[in-house]
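Just below is one structure, and these are the notes that go with it.
The values are calculated or read from the model by the stated rules, or taken from the named source; none is laboratory data. What you see is a predicted model; the values in this text were computed from it and never measured. Ideal geometry is used to build each Cβ from the backbone, glycine not excepted, and the neighbour counts take in all protein chains shown.
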Amino acid sequence: MNLFVQAEIRSEGKKPDTKRKFDVIIIGAGPAGYTASIYTSRAKRETLIISGILPGGQLMLTTEVENFPGFAKGILGPELMTTMREQAERMGTTIVDDEVVNVDFRHKPFKILTYSEEYEADAVIIATGATPRKIGAKGEQEFSARGVSYCATCDGPFFKNQDIVVAGGGDSAMEEAIFLTKFANKVHVVHRKDSLRASKVMQDRAFENKKIQFHWNTVIEEVKGSQKVTQITIKNTTQDKTETLEVGGLFVAIGHEPNTKLFKGQVDLDDQGYIALKNHTQTNVEGVFAAGDVHDHRYRQAITAASFGCMAAIDVDKYLSERRT
């Protein structure tokens, strides 16, 4: 069955009305996508952003952002994303709030199908980001951005002099727990097993930190509070014992899932499912680039995503210039 026929079936049989051609199509509308579009549009490249199901990305689910340069008093995540969107539009970027359901990078121009339209582009920037894994506890979703966080570097300073919980047992969880001791009175590490999977050096650092208390063979059952998190109920699975911790927040550090399912078989992915890059921001497909958390599983910051967006846009402009000479 043809690639785009499959996509049309997924979109309930609705066929695209027209084909629209752009110099650059950016898939995803977070810091990486918006920044890339500002640069490509400013370089006089006709640019389209297809925003996806969450325009603005993960920052739309956060409250105050203190560590993005240029905002001395901080800025709300949704406000920052709205400002970036307005700037992209002012530069001439076309933005559609639609979801990509299929792509074809095997032939040029590249074809991108959404639920309502089929588009073509000479170059594509993938900026679909990554999604934090959830623990699935009762109240986790309800208190997201109200005490439940998935990024200690982003939100740690908001929890000064409080007791907090970190869920996880890998390197990321230990890094976050150690980082959070700079601000918190105590950090409770809740891990479902009786030993950590983190590297020995990270384990040693965590065990030596007097502010960290470990809860082994333990899972988080419920997150409670009113306006924000005030309590977390944990359960020891070997003793069948439940305990309530009076804490101000929960940091979930059990990994991220890159939003790359759509691109499997179209571009190379690494063993964790992130887009594999070569020559800076290029994928293995000439003319297809990537920016932000969709390939970056180390830093995962708004500012680094924006930086990758800038780099991808510059690489795209160079690619298009060389292709047309």
Exactly one of these conditions fails for Val165: (1) crowded, with 16+ Cβ neighbours inside 10 Å; (2) over 19 Å from the mean Cα position of the chain (by Cα); (3) assigned to a loop (DSSP other than H, G, I, E, B). Give me its number. (3)
Answer from Asp155, Asp171 - the residue that is in contact with a helix residue (DSSP H, G or I) (Cβ under 9 Å, 6 or more places away or on another chain), under 29 Å from Thr63 (Cα atoms) and either exposed (fewer than 15 other Cβ atoms within 10 Å of the Cβ) or of a type outside the set (Ser, Thr, Tyr) (or both): Asp171
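Results for (1) in the same structural domain as Gln282 (by TED's automatic domain parsing); (2) under 16 Å from Glu46 (Cα atoms); (3) within 22 Å of the chain's Cα centre (by Cα); (4) in a strand (DSSP E or B), shown as yes or no for each residue.
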residue: Ala88; (1), (2), (3), (4): yes, yes, yes, no
residue: Gly92; (1), (2), (3), (4): yes, yes, no, no
residue: Asp98; (1), (2), (3), (4): yes, no, yes, no
residue: Asn102; (1), (2), (3), (4): yes, no, yes, yes
residue: Arg106; (1), (2), (3), (4): yes, no, no, no
residue: Leu113; (1), (2), (3), (4): yes, no, no, yes
residue: Glu120; (1), (2), (3), (4): yes, yes, no, yes
residue: Ala123; (1), (2), (3), (4): yes, yes, no, yes
Could we say that Phe179 is in contact (Cβ under 8 Å) with a residue 24 or more places away in the chain, in a strand (DSSP E or B) and of a type in the set (Phe, Trp, Tyr) here? no
Criterion: among the aromatic types (Phe, Trp, Tyr), in contact with a Gly (Cβ under 9 Å, 6 or more places away or on another chain) and buried (at least 20 other Cβ atoms within 10 Å of the Cβ) - qualifying residue of Phe289, Phe263, Phe251: Phe251
Sort out which residues of region 305-325 are among the β-branched types (Val, Ile, Thr) and crowded, with 23+ Cβ neighbours inside 10 Å, and write them in order of number. Val316
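Here's the yes/no breakdown for (1) at pLDDT 70 or above; (2) part of a loop (DSSP other than H, G, I, E, B); (3) surrounded by 15 or more Cβ atoms within 10 Å (Cβ to Cβ):
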{"residue": "Phe4", "(1), (2), (3)": "no, no, yes"}
{"residue": "Lys21", "(1), (2), (3)": "yes, no, no"}
{"residue": "Ala32", "(1), (2), (3)": "yes, no, yes"}
{"residue": "Ala36", "(1), (2), (3)": "yes, no, yes"}
{"residue": "Tyr39", "(1), (2), (3)": "yes, no, yes"}
{"residue": "Leu54", "(1), (2), (3)": "yes, yes, yes"}
{"residue": "Met60", "(1), (2), (3)": "yes, no, yes"}
{"residue": "Pro69", "(1), (2), (3)": "yes, yes, no"}
Identify, from the list Ala88, Ala121, the residue that is in contact with a helix residue (DSSP H, G or I) (Cβ under 8 Å, 6 or more places away or on another chain) and buried (at least 20 other Cβ atoms within 10 Å of the Cβ). Ala88
Checking the conditions here, which among Glu64, Glu99 is of a type in the set (D, E, K, R), surrounded by fewer than 22 Cβ atoms within 10 Å (Cβ to Cβ) and free of Cβ contacts under 8 Å to residues at least 60 places away in the same chain? Glu99
From the residues in region 294-325 that are modelled with pLDDT of 95 or more and part of a loop (DSSP other than H, G, I, E, B), which one is nearest to Gln58 (Cα to Cα)? Val294
Residue among Lys210, Lys224 that alone is outside any loop (DSSP other than H, G, I, E, B), surrounded by fewer than 20 Cβ atoms within 10 Å (Cβ to Cβ) and of a type in the set (Lys, Arg): Lys224
Given (1) touching a residue at least 12 places away in the same chain (Cβ under 8 Å); (2) farther than 27 Å from Val103 by Cα; (3) surrounded by fewer than 22 Cβ atoms within 10 Å (Cβ to Cβ), index of the condition Tyr299 fails: (1)
